[in-house]
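A short write-up of the structure that comes next.
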């Protein structure tokens, strides 16, 4: 048997048209991709759309966050008190550890896994830009924290109406509380995402977020206590500039009607309050800038 | 029971690249605060004891213990590379004990040594405060490392659970409910510190014999159980 002659080849091979067609339907575009990334990240922060095991922790923390509010409301209604015995603005300060643990567990799952499994380039192969990714992740984390911190305030407010407290006054206090937790959510989620994005290993990310939030607060409170005890009260408000939570405490003390809660009830005046506001805005801008810089070269 | 290669790899995993920066951050902060307090306030035994007890022993030692203890084994289980280690002819308990020794060494180096230095900065070891808290930090390092290493083999949320134990159970419940203090590594370590300095600035709610027994039981039990857990480890995919 002989092989077919080479001359026969042009007759038998041919390029078939097997019907590939280009897509000419509607393209949903950049804003749709950004919205999807935002909503998926927000759902992911509460474990929705993930495995049952990863729902446990965020839901548990959400429950722990809301439980004291329910107890406060129950006691207030039962004793017919004419005001809640915990201020709206103090609630997040009292439960700061829950917020810190929530942020520490969810910020790394939001950004670290994309970095570690090198899926970030896949996002950028879609019609989204770096700024969309950062904004979507940042917005989602801030919204998740806002839901966590504002829900108990809503419970308190509804409870205050059930207990027939003064509506206008309670609504005003509730509004001030909402502004305060909104600032806290944006500030904390920025800090958390920066720490998580810089440490792709999940465990280290968790520890780093917790360390930055609680250690700085502990250190600042200790220093404030010492400077108050040594009659150095002028330094107390300025020391508060060095940790995220004391920044929020100082801001709400200066502008949002919260009682002075630094050691010795040293108040933060309007002048210092402006400095607090500037530092908070600067920190948020810095977090955004660091995240943008972090994703400039990632994985490519 | 000690494998130098496993130890070397664990040291690299714990201290390599940027990770050591987190570990240097906390002791650095302690030393800065100690120096600031000394500069503002002068030497004061009570302030020194408060700062070392409240910041160094209550916050820094558990945090470094969590990072070192879970970091010694957690990431390897997390990304599945532990199978390459487990498939080598090294006994599982040997792996655990080696990693435990490394974790203890790292925790001690980054918590007990700065505590001693901070104590000397604060009041020049007046009333043995610095030495007492260093002893407490050394003892607590061993127990925390064993405990958090065990957590690292049990759960992928080891760091969160460890932090909740260290910050919520020991700090929050410990200050509210007296009974919680009996089950707290920090108080056991303080009991030993109390023995070193005698009655005075440091007090613990747990008697020394109880504390010693509990420390030994927890450390050995956690190590044994971690070894057992590693023998029956199932690797799960990423959630």
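A short reminder: the numbers here are calculations on the coordinates, not readings from a lab. From a predicted model like this one, the values you see are computed outputs, not experimental measurements. As a convention, Cβ positions derive from the backbone with ideal geometry for all residues, glycine included, and neighbour counts pool all protein chains shown.
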Item to check | P(r) tail fraction, the stretch B:86-238 - alpha-carbon pairs more than 27 Å apart, % | outcome: 28 percent
Checklist entry - Which value in deg cm²/dmol, rounded to the nearest 500, describes the helix-derived mean residue ellipticity at 222 nm for chain A, given -39,500 (n - 2.57) per DSSP H run of n ≥ 4 and division by the residue count? => result -23500 deg cm²/dmol
Checklist entry - With axes computed from alpha carbons, what is the tilt in degrees of helix B:185-197 against the longest principal axis of chain B, rounded to the nearest 10 within 0 to 90? => result 50 degrees
Item to check | Efficiency of FRET from Cβ geometry, residue B:7 and residue A:229, R₀ 45 Å, rounded to 0.05 | outcome: 0.50
Item to check | Length-normalised contact order for chain B - Cα pairs under 8 Å, 6+ apart - percent | outcome: 25 percent
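Can you give the average number of partner chain beta-carbon atoms within 10 Å of each beta-carbon in peptide A:92-105, as a whole number? Walk me through the intermediate numbers first.
Values: counts 0, 0, 0, 0, 0, 6, 2, 0, 2, 6, 1, 0, 3, 5.
Averaged over the peptide's residues, the number is 2.
Quick one: compute the contact order of chain A, relative version, from alpha carbon pairs under 8 angstrom and 6+ residues apart, as a percent. All intermediate terms of the calculation are to be shown ahead of the outcome.
Working: 334 pairs, mean separation 62.8, N = 300.
Across chain A, relative contact order equals 21 percent.
Between rounded, prolate and oblate, where does the stretch B:97-164 land on the alpha carbon gyration tensor, with a ≥ b ≥ c its root eigenvalues, rounded for a/c under 1.5, else prolate if a/b exceeds b/c? Working shown, then result.
Working: a/c = 3.30, a/b = 2.40, b/c = 1.38.
In terms of gyration-tensor shape, prolate.
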Item to check | Kirkwood-based shape ratio for the stretch A:175-300, expressed as Rg/Rh from alpha carbons | outcome: 1.03
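What fraction of the Cα pairs in the stretch B:45-173, stated in percent, has a spacing above 18 angstrom? Let's see the in-between values first.
Numbers: 4500 of 8256 pairs.
The share of Cα pairs beyond 18 Å in the stretch B:45-173 comes to 55 percent.
Over all directions, average the projected area of the Cα convex hull of the stretch A:29-294 and note it in nm².
Details: hull surface 61.3 nm².
Averaged projected hull area, Cα only: 15.3 nm².
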Checklist entry - Hey, what angle do you get for helix B:208-231 against the long axis of chain B, alpha-carbon based, 0 to 90 degrees rounded to 10? => result 20 degrees
Checklist entry - Using a simple spin-label model with points 7 Å from Cα along the Cα→Cβ vector, what separation in nm is obtained for residue A:22 and residue A:35? => result 2.7 nm
Checklist entry - What FRET efficiency do you get for residue A:286 and residue B:233 if R0 is 35 Å and r is their Cβ-Cβ distance, rounded to the nearest 0.05? => result 0.25
Next on the checklist: Only counting other Cβ atoms within 10 Å, I'd like A:80, A:137 sorted with the fewest neighbours first.
Outcome noted: A:80, A:137
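Shape verdict for the stretch A:66-223, please, from the Cα gyration tensor: rounded (a/c under 1.5), prolate (a/b greater than b/c) or oblate.
Working: a/c = 2.99, a/b = 2.01, b/c = 1.49.
It is prolate, given that a/c is not under 1.5 and a/b is the larger ratio.
When a footprinting reagent is the concern and you count Cβ atoms within 10 Å, what order do A:15, B:101 take, fewest first?
Working: A:15 5, B:101 18.
Neighbour counts put them in this order, fewest first: A:15, B:101.
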Item to check | the protein assembly as shown, Rg to Rh (Cα coordinates; Rh as Kirkwood inverse mean 1/r) | outcome: 1.06
Next on the checklist: Below 8 Å, C-alpha to C-alpha, sequence gap of six or more: please give me the relative contact order for the stretch B:67-163 in percent.
Outcome noted: 43 percent
Item to check | Per residue convex hull volume, Cα atoms of the stretch A:141-180, in Å³ | outcome: 45 Å³
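Quote the convex hull volume per residue of the stretch A:1-112, based on C-alpha atoms, as a whole number of Å³. Intermediate results must be reported in sequence, preceding the final value.
Values: hull volume 30.1 nm³, N = 112.
Dividing the Cα hull volume of the stretch A:1-112 by its residues yields 269 Å³.
Using only Cα atoms, what Kirkwood radius does the stretch B:44-111 have, in angstroms?
Numbers: mean 1/r = 0.0726 Å⁻¹.
When all Cα pairs of the stretch B:44-111 are included, the Kirkwood radius is 13.8 Å.
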Checklist entry - Tell me, what is the FRET efficiency for residue B:45 and residue B:178 to the nearest 0.05, using R0 = 41 angstrom and their Cβ-Cβ distance as r? => result 0.95
Checklist outcome for this item: Footprinting proxy, A:233, A:199: sorted fewest to most Cβ within 10 Å, the residues are A:233, A:199
Checklist outcome for this item: Dividing the helical contributions, -39500 (n - 2.57) per DSSP H run of n ≥ 4, by the residues of chain B yields a 222 nm value, nearest 500 deg cm²/dmol, of -21500 deg cm²/dmol
Checklist entry - Which residue, B:155, B:87, B:145, has the most motion in a Gaussian network model of chain B that connects Cα atoms within less than 10 Å? => result B:87
